[in-house]
Each structure stands twice: as structure tokens, then as C-alpha cells.
Ligand code: DGL
């Protein structure tokens, strides 16, 4: 029971930033990762489509006797999980709550910025959760639809990324936010560029990594932490090119992908 894997999914590569943190803080855990690379991006799609894709991702992972699922995707977490979570008996954690809690904890001036995909920002979920936790917080958000294609194509530190980031982030900088939630799991790859524009005094929060810590707390509470303390294995599945996932994935994971990446059956 305890040694069953943790399932993690994202529309593509971004969720690997969560896998990286799980492996760092829970090295004994087995992980099954699914990246829906054949249908990325999710963030610009309709609510109905995001819900349908997210359901497919969850159903795919459930074939592997999973003990916990982490939706390591800001878009799926904000748009789809509120509709799907209660339909499953396995716990499905999103990435919003951990980051919202942390933002309320670390902000000094009560001005919190949120960036994410169009779907995430349109959902208004971050502001909703933050204001439930602390109604006096002011939340300023901006959708950054060009960020995911830049990251997925390896352009994270390019001049193009800098120019586009300046455009997206200047309105938030002008609002004097002191904390910025990188509300899409792809964005930690742009951290250098984002921090260069926002300045060192602005705290950047990565929901995917923060969710890994919450996942550990949950597994501990439920007595579901793996009996092993080391040697956990990760298995990766994608719905499109195995080659490009293998080539780019290491940047997200912080080390090369060490195991074979599998092509998942195409969803009908
Ligand atoms: N990593 C997803 C998120 O956190 C990605 C975005 C997308 O597919 O548009 O929102």
C-alpha cells in the first residue's frame, strides 16, 4: 500500500518541476508521470476541453495503482479539479492551495501578483483562495500565454523571453507586488528572466514545488509514505514525441531523464 507510486501529470513538461521536488524531499517514492505533450497547451483552451483532458490524464494514471495524484498543472488545478476531484476515491491534489497559503504567509505589503495561463487567470481561483485565507490581501494577475511555448521549445533564457516577460510583468511591477506566484508549472524555468525584471526584493513562489511538500505532509498523515527512504523510481509517459520529451525533460528535472520514456496510448 505504502509503496504504491505517486501519480503526477501536466499538459507537458512543466510538471517535471514537481517531480524534481518530490525526488528531492521524498527520494524513496516511486513516481508515474504523464505529460500530455500531444495536446499541450491546455491554458488557452475552453473550460470543457480542459476538464475533458484532465479527466483523461487522471484516468490514465489510475491504471497504475496510484496512492495519490498531483495535478502538477496550474490550468488543470484551477479550471478542472473543482469539477473532478470529488468524483474519484483517490486523493487528487492541485497546486494552488500550497502557493496561495505561502503567499499570504510571506507577503509584507499584502500585494500579491499571480501569473499563469489564460485559463488559470480567467478562473480567478488564486484570488479566491487567497482572499478566503486573508480577505485584506490584494491580488493582481496577468495571463502570460507566450511563456509555455517559449519554455517547451527551449527558449527560456532567450532575448525573446526577456522582451515578452517585460511586457507581461511590467503592470505587476507597477502595482508594487512583493510576492509573485508563478502560477504555471512551466514558469520556474523562466525564473531568472522573471526575477531580473521584478527585482530581488520580490519573492517568487513555485506552486509545483510547494505542492510536493504538501504531498509529503499528506502521505505522512495518512501513513502512506513509502517504507523506502531512497531508490524511488520514476517512469515517464507522454502522448507525443518521446524524443523531444527526453531531450528537454532534463532541464526541468535538473538531471537527465534516466529511464525510458513511454508513448501512452492515444486518447480517443
Ligand atoms: N504547466 C501548465 C500549467 O501549469 C501548462 C500550461 C499549458 O498547457 O498551457 O498551467
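What follows is calculated from the coordinates using simple rules that are stated; it is not laboratory data. Since we're looking at a predicted model, the values are computed, not measured. Note: ideal-geometry Cβ built from the backbone for every residue, glycine included; neighbour counts use all protein chains shown.
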*Can you tell me the Rg and Dmax of the stretch 1-149, counting just the alpha carbons, in angstroms?*
15.4, 46
_Rounded to 10°, Cα long-axis angle of helix 159-174 versus longest principal axis of the chain_ = 60 degrees
*Would you give the gap between the C-alpha center of the stretch 199-255 and the C-alpha center of the stretch 46-112, rounded to a whole Å?*
14 Å
*With axes computed from alpha carbons, what is the tilt in degrees of helix 96-106 against the longest principal axis of the chain, rounded to the nearest 10 within 0 to 90?*
40 degrees
*Expressed as an acute angle from 0 to 90° and rounded to the nearest 10, what is the orientation of the C-alpha long axis of helix 242-253 relative to the principal long axis of the chain?*
60 degrees
*Quick one: grab the alpha carbon gyration tensor of the stretch 167-268, order the square roots of its eigenvalues as a ≥ b ≥ c, and give me rounded if a/c is under 1.5, else prolate or oblate depending on whether a/b is larger than b/c.*
oblate
*Go ahead and set up a Gaussian network model of the chain, Cα springs under 10 Å, then flag whichever of 198, 137, 220 fluctuates most.*
220
_Can you show me the helix-derived [θ] at 222 nm for the chain, built from DSSP H runs with n ≥ 4 at -39,500 (n - 2.57) apiece and divided by the number of residues, rounded to the nearest 500._
-12500 deg cm²/dmol
*Using alpha-carbon pairs under 8 Å, 6+ residues apart, how would you state the relative contact order of the stretch 1-58 in percent?*
40 percent
_Rounded Å value of the spacing that divides the Cα centres of the stretch 6-36 and the stretch 144-158_ = 20 Å
*Enclosed volume per residue, in Å³, of the convex hull spanned by Cα atoms of the chain*: 119 Å³
*Say R0 is 41 Å: what FRET efficiency, to the nearest 0.05, do residue 233 and residue 176 get from their beta-carbon distance?*
0.35
